[in-house]
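Structure record follows, encoded as structure tokens.
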Amino acid sequence: MRLPGLFALVLLVSCGPDAAPPEAGDEGTQLEGELTGWASLTGVWKKESGPYAWLNLQRAPGVVGHRYLALKGAAAEAGTYQVADATLTLTTGAGAVKAFRFQVTKAGALQLRRADGTLVAQLKRVPTRVSDCVNLVCPAVDVCAAQPTGAHCVASPPKKSASEAINADGVLVLGGKKVFPIGFTMPPPPDALAPNGKNGIAELRSAGATFLRTGPWGAPWNEDAFAAEKRWQDVAFANGMHTWLYLKEAASVPTPGGPAEQLLRRIVTTFGAHPGLGVDEGEDEPEWGQRPVPPMVAAYDLVHALDPHHPLTIIQAPRGTVESLRRYTPAMDILGTDIYPVSAPMGKNSGLPNKELSVVGDYTDRMRQVAGNRIAVWMTLQIAWSGILPPNQRVMPTLHQERFMAYDAIIHGARGLFFFGGHMPVGWEGTDAQYGWSWTFWNRALKPVVKEIGEFSPLYPALVAPDSAQQIRIFGDHHGFEYALREANGATFVIAARTAAGSNSVTFRGVAPGVTRAEVLYEDGRTLGVEGGAFTDTFGQFDVHVYRLR
């Protein structure tokens, strides 16, 4: 939630068990007409326009061309449908004529427009598995609402992912256990030591980290890579962690049965059943590199056919538009971007006007807009990258900055966080070169953050919980404030931050009856009194306060 006055509310259309799309050919209101001008389209196209209304365009058996089907819905109109000159025309029983221009986008979406060019519908092409929601991209609608005396936002739960490992709240579930991924790209070598004498992976895990990014880095998938990956999977499992496995050159399958498909089959069948595996990673930053979508979708479908238990994630660069990024959503279960605002000058990594730390929240919002309601969002934040300009001008995030960026992503809906650059010499300080990883930064800034949000923290159960429907609101001069509400273990958690400059006090109202104090986690036992369902606190710029109410 970002204040003041504008709050994103995701509106959902039903696509669950109570409203499963019918099989093609089901009985229902069926309106037919050969779409003879549509010879370039094949397969099934569909759009939900209500709980029990679907629009399907399907190749008619034995007929050259296509037919229009409107099934089981009040939205279905009786009449005849014809296609000519790139126009879909409906003539209703009452004689009214409705005409829509259509075009197929580069991403393979079918757009219907009125004569004046207004887009009235966009249909996503899906495979012939039309009896469930697999690969159906259900659009999110952002609705902004303001209230004059305070505000509150309740995020409706997202739709079930195509992967069985992403639940209805966008949370990763592995082995029946909810997981908030906290990982590293790339982690320290599996057998290397940290400066404190502990194994490096064990040191990360002891703070509450849950994930390691693995797979070839700067090298192809060869026999050495397979052996190294087996070692990584074993190390992750031994430490109670999971891997984010980069498929690299196997992430696109341009030719059925070709080398890429054979390699992908080997990777998935080799590691898919390993208890250390968490997720697969597809093409890296494909929109920025203008990678073709169909080979990525082919890889995605093959991965899920071979291993339905692990989702596939794609990380985009902080570039592109919502529409250009949305082209790639059929090839993923999890979406994110890597955004590193701390640099010289500040914000040079950002493709948005905002160059401050709060651009992390802006990009999280953008990824959620791109993802719609089927895809979870994870964000990749910075340890180090080329923009910090070493050695004399090296600019590394402070603890205050790193903490804000992590919570900024969480407040805006991220369901996992990765931290990039610990392996890059550009960020190494002190004795880091001796140990091969950014341990100086880890101890100074990142470890304290991971301990706050990690698996062993009091906040962690809230990070894998759905958004709360409690009516807690901020009152006062709430410009630049943002917050999220979660409930876990009999407590309500309020994660609140301020992005605006300066210092300001605000009041939180709507606390449940019977709660008399707000514990401020991670602030040396500080507590606030709750009177009349309200408490007040002060924030400076980029301050984050985490309250536990119980």
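Return the percentage of antiparallel bridges among DSSP beta bridges fully within the range 172-463, rounded to the nearest 5 %.
15 percent
Just to confirm the filter: which GluC sites (Glu not before Pro) across the range 453-544 are DSSP coil and have at most 16 other Cβ within 10 angstrom of their Cβ?
Here the GluC sites (Glu not before Pro) that fit, given the DSSP loop and packing criteria, are GLU523.
Across all directions of projection, what mean area in square nanometres is found for the Cα convex hull of the range 332-407?
5.2 nm²
Mind checking the log10 I(q)/I(0) for the range 418-550 at q = 0.11, 0.14, 0.15 Å⁻¹? Debye, one equal scatterer per Cα, no solvent, two decimals.
Evaluating at q = 0.11, 0.14, 0.15 Å⁻¹ gives log10 I(q)/I(0) of -0.49, -0.72, -0.79.
Would you mind counting up the charge near THR185? Only other residues with Cβ under 13 Å from its Cβ, with Lys and Arg at +1 and Asp and Glu at -1.
My count for the surroundings of THR185 gives -3.
How charged is the neighbourhood of PHE419? Take every other residue with its Cβ under 12 Å from the Cβ of PHE419, and add Lys/Arg as +1 and Asp/Glu as -1.
Net of charged neighbours comes to 0.
I'm checking a number: the convex hull volume of the Cα atoms of the range 172-463, normalised per residue, in Å³. What is it?
For the range 172-463, the hull spanned by Cα atoms encloses 121 Å³ per residue.
Sort out for me the Cα centre separation of the range 335-414 from the range 451-511, rounded to whole Å.
20 Å
Taken together, the values in this text are just the output of simple stated rules run on the coordinates, not laboratory data. Since the model is a prediction, treat every value here as computed from it, not as a measurement. Cβ sites come from the backbone with ideal geometry, for glycine too, and all protein chains shown count toward neighbours.
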